[in-house]
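The values are calculated or read from the model by the stated rules, or taken from the named source; none is laboratory data. The model shown is predicted, which means the values in this text are computed figures rather than measured ones. Positions of Cβ are generated from backbone atoms using ideal geometry, with glycine treated the same way; all protein chains shown enter the neighbour counts. Accessible surface areas use protein heavy atoms only, side chains included; no ligands, DNA or RNA. Shrake-Rupley method; radii C 1.70, N 1.55, O 1.52, S 1.80 Å.
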Amino acid sequence: MTDPAAIRAYHAHVYYRDADERARAAELRDAVEGNFEVAFGRWRDEPVGPHPLPMYQISFAAHNLAEFIPWLMLNRRDLTILIHRVSGDDVADHRDHPFWMGESLDLDIGFLEAGNTNA
């Protein structure tokens, strides 16, 4: 996929390391819910899939990208966030086309290369 117009959806993964960051992640989640039409994944208090830290996922439509990303940049509460397209190619989405806010984390791409889809 090389045409950005073909992207229909994105995921944002909001990571946290400790109780303080989890509390900020909860505040961010509440703020996102109050301002945007998104779907939330459940809280993952242990690393899961390719993700090296606890996190939750935010799914959002491509037409929300232009409004959501600047808002998230300004309101992320100093949390690390991974944003990637949802194309059906989890390896490329996470490895080749990620967008990071904050620290870039080392994802377990081998998990995805093995055909797992719990990302």
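For q values of 0.14, 0.25, 0.31 Å⁻¹, compute log₁₀ I(q)/I(0) with the Debye formula on a Cα-only model of segment 14-59, without solvent. For segment 14-59 at q = 0.14, 0.25, 0.31 Å⁻¹, log10 I(q)/I(0) is -0.31, -0.90, -1.17. Residues considered: HIS11, HIS97, HIS84. Largest GNM mean-square fluctuation over the chain, using C-alpha springs under 10 Å, is found at HIS97.
Find which of GLY34, TRP100, PHE60 sits farthest along the positive direction of the dipole of the chain, computed with +1 on the beta-carbon of Lys and Arg, -1 on that of Asp and Glu, about the Cα centre. Positive-most Cα among the choices belongs to GLY34. Once both labels are positioned 7 Å from their Cα atoms along Cα-to-Cβ, the gap between MET73 and PHE99 label points is 0.9 nm.
For segment 29-79, the relative contact order is 29 percent, taking Cα pairs closer than 8 Å that sit 6 or more residues apart in sequence and dividing their mean separation by the residue count. Per-residue ellipticity at 222 nm from helix content only, as computed over the chain with -39500 (n - 2.57) for each DSSP H run of at least four residues, stands at -8500 deg cm²/dmol.
Springs between Cα atoms under 10 Å define the GNM used for the chain, and in it the highest mean-square fluctuation of ALA61, ALA19, ALA39 occurs at ALA19. Overall shape of segment 49-114 was characterised from the C-alpha gyration tensor. The equivalent ellipsoid obtained from it has semi-axes of 21, 15, 9 Å, in decreasing order.
Build a GNM of the chain with springs between Cα atoms under 10 Å apart, and of LEU74, LEU28, LEU105 the one that fluctuates most is LEU74.
Rounded to the nearest 10 square angstrom, PHE60 shows an accessible area of 10 square angstrom against a 1.4 Å probe.
State, to one decimal in nm², a quarter of the convex hull surface area for the C-alpha atoms of the chain, i.e. the direction-averaged projected area.
6.9
Multiply the residue gap between ASP89 and GLU37 by 0.36 nm, knock off their C-alpha separation, and tell me the result in nm, one decimal place.
16.3 nm
Counted by Cβ distance under 15 Å from ALA61, the other residues give a net charge of 0, where Lys and Arg count +1 and Asp and Glu count -1. Using a probe of 1.4 angstrom and keeping all protein chains present, the accessible surface of segment 1-100 works out to 52 square angstrom per residue. In a simple Cβ point-charge model (Lys, Arg +1; Asp, Glu -1; nothing else charged), the chain has a dipole of about 200 debye relative to its Cα centre.
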